[in-house]
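Following: one structure in structure tokens, then a few remarks.
The values are calculated or read from the model by the stated rules, or taken from the named source; none is laboratory data. No experiment lies behind these values; they were computed from the predicted model shown. Note: ideal-geometry Cβ built from the backbone for every residue, glycine included; neighbour counts use all protein chains shown. Each accessible area value is taken on the protein alone, full model and side chains, heavy atoms only, with ligands, DNA and RNA left out. Shrake-Rupley method; radii C 1.70, N 1.55, O 1.52, S 1.80 Å.
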Amino acid sequence: MSLSSLSTLNSQLSNCVLCGTCRSVCPTFGVINREPASARGKVSLCSAFLNKEITLSERFIKHINECVLCAACEENCPNDVPVIDIILAARQEIFKKGKTDFSRIAVSKFFGSEKIGRNALKVASKIQNIFFKQVPEESGLHRRFPLPFVHGKRLAPRLAEKFFLEDRRQKTEVRSKKDKSQPRIGFFAGCLINYIYPNIGEASLNVLEKAGAFVVVPLDQSCCGMPAIGIGDIEGAKRLALKNLEAFEKYELEYIATACATCGDGLKKRFKELLADEGEDLQKRVENFSSKVRDITELLVNDLGIRQSPVSGLRSPVSIVTYHDPCHLSRGQGIKDEPRKLIEMSGHNFKEMKNPCKCCGMGGSFNITNYEFSMEINRKKALDIKSTGADIAATTCPGCIMQIKDGLHQLGVKAKVVHVVELITLNN
Amino acid sequence: MFSQNIIKELTNIVGRDNILTKREDLICYSYDATNQKFLPDVVVFPRGAEEISLILKMANFEDFPVIPRGAGSGFSGGSLPVEGGVVVSLERMNRILNIDTENLTAVVEPGVVTGEFQAEVESLGLFYPPDPSSLKFCTIGGNVAECAGGPRAVKYGVTKDYVLGLEVVLPTGETINTGAQTLKGVVGYDLTKLFVGSEGTLGIVTKIILKLLPLPATTKTMLAAFPDMKNAARAASSIISSKIIPSTMEFIDKNCVKCVEDYLNIGLPIDTDAILLIETDGDKDLAEKEADAMRKICLDNSAIEVKTAKDKREVKELWKARRAISPSLKKLNPDKINEDIVVPRNKIPDAIAGIQKIAEKYNLTIANFGHAGDGNIHVNVMIDKSNKDELSNAQKAVEEIFKLTLNLGGTISGEHGIGISKMPYIGMELSPAAIDVMKRVKQVFDPKGILNPGKIFPKGRE
Ligand SMILES: Cc1cc2nc3c(=O)[nH]c(=O)nc-3n(C[C@H](O)[C@H](O)[C@H](O)COP(=O)(O)OP(=O)(O)OC[C@H]3O[C@@H](n4cnc5c(N)ncnc54)[C@H](O)[C@@H]3O)c2cc1C
Ligand code: SF4
Ligand code: SF4
């Protein structure tokens, strides 16, 4: 059982034979090149903590936080050691003892609100120009003054003028006219699409409608809870899960679509684990909810069975497109082919990059609390994108988009970074 | 034992960012792949020979143990600080210093990861053959110290066949160079060969000059399944005696096949008793001719099926499976006593039959895989250490397996080294006089016994 406490993971911890295989794939180890940054090191530390050889010391916490939750270790571990569950359990201990550092909590609380689209961020979006200046060639911002949490070199994303969900509010919840034969789809936005990339949300709705779906955007939806899980705040994540259940249960839906790899991974897998002890009834509801969740690319290709871009006529010039596999889509949900099929349908020329499944370094709040470290991981990704010579780097996660934009900007690479669904509507 | 003064001095040598003394960090340098733990007192990350020299001089003066460490993937406990002391991690010394495409040589620092080095030279059309299954994470320094080998040994030899020269810091602190950049060289004793396989007990290697080969044009990969281990072993022997040298010839028994198939699900034939994974490389026509001949030999020895890998992806999958065997065996039983005996190649069938008998006699699960091409068998006695009877039976079984190996004209370790794991058995193979001269060699290099103490030779008289 996952998301459980460290002590219940004892036998999984002892499954680690200390072979060191994970050293070859762990991105945090790849940067630091020291054992505590590897999965083997972190697993050993958790064992040592359980055996009371060490306490929740600052050093322990530092090492446990140096993980981007990319699951590369798990994918390559010959003994199925659930490294991520182990690390999340350790972070739960840290959170329960009130030792999670403030900036982590702030990120999780700020973004992971129950009422996304109706809080302080709204104000922030209005006043951000005081603090930031726009970078001309990029859709990003550079800070004007020293700011806490904002690193000097960082290309900060611009908050949307109008948040995705709020924009919907002024219209109606329901996107298109009711037609019984259409597949009924609920759209789960997620924080990053809501606050920063509403364009991805719009593109998703467009494509879905063009593909013949009937789309609902429940306005009471909230954050998926992954930021809270990431810092070990299980109670917080539970509240969000319940809220989302209620928001989507109001409608009769066949599918729940998301264009965020991380949200999708959370909605599919983590909800069940979060609400595991809350009674059979709730379990059934979660089961029902999670079984409907689809990443937008798999929904389009597999469930709606689109065989060509629903948008005809290439108007924009044909570009070279490369694709980055988000950890939470490729390893988390096992989806690799569908986004590539969509890129093919878009009419652009596809060029595979070296190591497309390597983590971009975002790692949720890791990018904010360990900015330079995170960009160091990203450097390899940015270089791999650069060597393809692509004009467009496509991916399927707004978090990755944010991170890759920043990395390419710092390398001086001009390639556009987009979500795959934007490619099949960009042509419109 | 570790005074603040020593720590201060060490800090002065390597710099504040390159020394660890907190318990949390020491724990991460207390283990290797033997799954045993010994806490060091300090871990340092030196940048080069000069710093290491200062550390070793200080160790002689202050009398503390120094333990070199690569990736900590060793199977005999070589990098474990069994008596505490300072672990010298070579993780920071990980630069490829030079690849000479005209003379086909390269110079590397010891912390370079073997597989990364291979990828680098292959991108230049060159080839560094030694391929321990741990190649994706082990270091070349660790390979040199253990004289690591791999599947390609049957055709290409092991690490020692590629080391032309070394820069080594002696335990007393002097830095020496051995060998030369050239393929030949007979000036003085061959210290290079002495250091290779010395398990970090005679000096700390700080630079390695390696020999490279041209990258073979093609590689053919085949998988043959046999109804019985005896057939597989016979097929392997007949391939060699028909004067074909495959570039690899690995055998995998059914226990091992089950464990990796369970992990990877790539469709390995799990209902057979044994698999041979065979490769041949070189000129395209020749490789194909050899592949055909080997396929025929397998079928003549009752192979149920012989499949050729269709593309690079299939080859990659097969090798991923092969390399995952050792760590995945945990599925059979929680603890593993792993031995890597070698017998003359034509004695493999006898060795396997003998091991099977021993397994039955002691009622143990023994999983075997290894390098049929060079007679190296990885014998894994899978037990639950908390079961005291099983543990003592396993120890008896291991001793019998060693006796069997030596009777067949073999050796008790092909590539993993002695370290602490095989220390009690060294006397079974080596005469007292041989052990004595080795100890005297150690004494000459390391009079105070500060470098990697407690390894290879059991304390006291044997
Ligand atoms: C899954 C798995 C598969 C394996 N497969 C194989 C295989 O096929 N063939 C094989 O031969 N081995 C194999 N091994 C064993 C191991 O990987 C090798 O022995 C490897 O050479 C160890 O390298 P390392 O960098 O991890 O060294 P470590 O384990 O860190 O150290 C090994 C020894 O080398 C010494 N040492 C390290 N660096 C230096 C240096 N610069 N100077 C002096 N001494 C030094 C250490 O003191 C120690 O005695 C395998 C291990 C695992 C976990
Ligand atoms: S790969 Fe798995 S078993 Fe091996 S060290 Fe890493 S976590 Fe442990
Ligand atoms: S999840 Fe990724 S960063 Fe974390 S330990 Fe595993 S490989 Fe390393």
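So if I place +1 on the C-beta of Lys and Arg and -1 on the C-beta of Asp and Glu, and nothing else carries charge, what would the dipole magnitude of the protein assembly as shown be about its Cα centre? I want it in debye, nearest 20.
About 2140 debye.
For chain B, what relative contact order do you get, as a whole percent, if you take Cα pairs closer than 8 Å and at least 6 residues apart?
The normalised contact order for chain B reaches 15 percent.
Per residue in region B:99-141, which ones lose no less than 20 Å² of accessible surface when going from chain alone to all protein chains (1.4 Å probe)?
B:LYS136, B:PHE137
Round to the nearest 10 and give me the degree value, 0 to 90, for the angle of helix B:388-407's Cα axis relative to the longest principal axis of chain B.
Relative to chain B, helix B:388-407 is tipped by roughly 80 degrees.
Picking from B:ILE383, B:GLY373, B:LEU404, whose Cα lies most toward the positive end of the charge dipole for region B:332-417 (charges on Cβ: Lys, Arg +1; Asp, Glu -1)?
My answer, from the dipole projection, is B:LEU404.
Quick one: putting +1 on the C-beta of Lys and Arg, -1 on the C-beta of Asp and Glu, what dipole do you get for region B:332-417 around its Cα centre, in Debye to the nearest 20? Show your work: numbers first, answer last.
On the way: 9 positive and 12 negative charges, 34 e Å.
Value, rounded to 20: 160 debye.
Take peptide A:74-82, look around each residue's Cβ out to 10 angstrom, count Cβ atoms belonging to other protein chains, and average those counts.
Numbers: counts 0, 0, 3, 4, 16, 8, 5, 1, 0.
Going residue by residue through A:74-82 and averaging, the value is 4.
Of the options A:ILE86, A:ALA160, B:THR21, report the single residue whose Cα projects farthest towards the positive end of the charge dipole of the protein assembly as shown (beta-carbon charges: Lys, Arg +1; Asp, Glu -1).
The one lying farthest along the dipole's positive direction is A:ALA160.
Does region A:320-424 come out rounded, prolate or oblate by the C-alpha gyration tensor, with a ≥ b ≥ c the root eigenvalues, rounded set by a/c under 1.5 and, if not, prolate when a/b is larger than b/c and oblate if not?
In terms of gyration-tensor shape, oblate.
Would you calculate, for chain B, the mean residue ellipticity at 222 nm contributed by helices, counting each DSSP H stretch of 4 or more residues as -39,500 (n - 2.57) and dividing by all residues, to the nearest 500?
Using -39500 (n - 2.57) per qualifying helix, the result is -11000 deg cm²/dmol.
B:GLU50 versus B:THR308, label points 7 Å from Cα toward the beta carbon: distance in nm?
Each label point is offset 7 Å from its Cα along the Cβ direction, giving 5.7 nm.
Calculate, for the protein assembly as shown, the solvent-accessible area per residue in square angstrom, rolling a 1.4 angstrom probe over the heavy atoms of the protein chains.
41 Å²
Once you've got the Cα coordinates, tell me which of A:LYS97/A:LYS381; B:LYS312/B:LYS336; A:LYS284/A:LYS336; A:LYS96/A:LYS269 are over 27 Å apart.
Beyond 27 Å: A:LYS97/A:LYS381; B:LYS312/B:LYS336; A:LYS284/A:LYS336.
What does the net charge come to around A:ARG285 if you take all other residues with beta carbon closer than 12 Å to its beta carbon, with K and R at +1 and D and E at -1?
Neighbour charge sum, excluding A:ARG285 itself: -3.
So, by mean Cβ neighbours within 10 angstrom, what's the order for A:100-107, B:44-51, A:278-285, B:365-372 with the highest one leading?
Peptide ranking by packing, descending: B:365-372, B:44-51, A:100-107, A:278-285.
Provide the packing ranking of B:377-390, A:191-204, i.e. peptides ordered by the mean count of other C-beta atoms within 10 Å per residue, highest first.
In descending order of packing, they fall as A:191-204, B:377-390.
How crowded by other chains is B:325-333, given as the mean number of beta carbons from other chains within 10 Å of each beta carbon?
Whole-number average of other-chain Cβ neighbours for B:325-333 is 4.
In this model, which of B:LYS347/B:LYS388; A:LYS341/A:LYS405; A:LYS99/A:LYS354 are farther than 31 Å apart at the alpha-carbon?
B:LYS347/B:LYS388; A:LYS99/A:LYS354
Quote the FRET efficiency, to the nearest 0.05, computed for B:ASN98 versus A:LYS153 with a Förster distance R0 of 25 Å and r equal to the Cβ-Cβ distance. Walk me through the numbers before you get to the answer.
Details: r = 33 Å, r/R0 = 1.34.
The pair B:ASN98/A:LYS153 has a calculated efficiency of 0.15.
Kindly identify residues of region A:23-64 having a loss of at least 20 Å² in accessible area between the isolated chain and the assembly of all protein chains, probe radius 1.4 Å.
Listed in order, they are A:ARG23, A:SER24, A:ASN33, A:ARG34, A:GLU35, A:PRO36, A:ARG40, A:SER44, A:LEU45, A:GLU53, A:ILE54, A:ARG59.
Could you give the size of the charge dipole of chain B about its Cα centre, using +1 on the Cβ of each K and R and -1 on the Cβ of each D and E, expressed in debye and rounded to the nearest 20?
360 debye
Net charge around B:THR159, counting only other residues with Cβ within less than 9 Å of its Cβ (Lys, Arg = +1; Asp, Glu = -1)? Before the final figure, lay out the partial values.
Details: positive: B:LYS160; negative: B:GLU146, B:ASP161, B:GLU415.
Neighbourhood net charge equals -2.
Carbon-plus-sulfur fraction of the accessible area of the protein assembly as shown, 1.4 Å probe, in percent?
Of the solvent-accessible surface of the protein assembly as shown, carbon and sulfur hold 51 percent.
So how tilted is helix B:49-62 from the main axis of chain B? Cα-based, degrees 0 to 90, rounded to 10.
Taking the Cα atoms of chain B, the angle to B:49-62 is about 70 degrees.
Using a cut-off of 11 Å between beta-carbons, work out the net charge of the residues near A:LEU300 (Lys and Arg +1, Asp and Glu -1, A:LEU300 not included).
0
How big a patch of accessible area, both sides summed and in Å² to the nearest 100, lies buried between B and A at a 1.4 Å probe?
Using a 1.4 Å probe, the pair buries roughly 2600 Å².
Starting from the Cα-Cα distance between B:SER392 and B:THR411, subtract it from 0.36 nm times their residue separation and give me the gain in nm to one decimal.
Extra length from B:SER392 to B:THR411 when fully extended: 4.5 nm.
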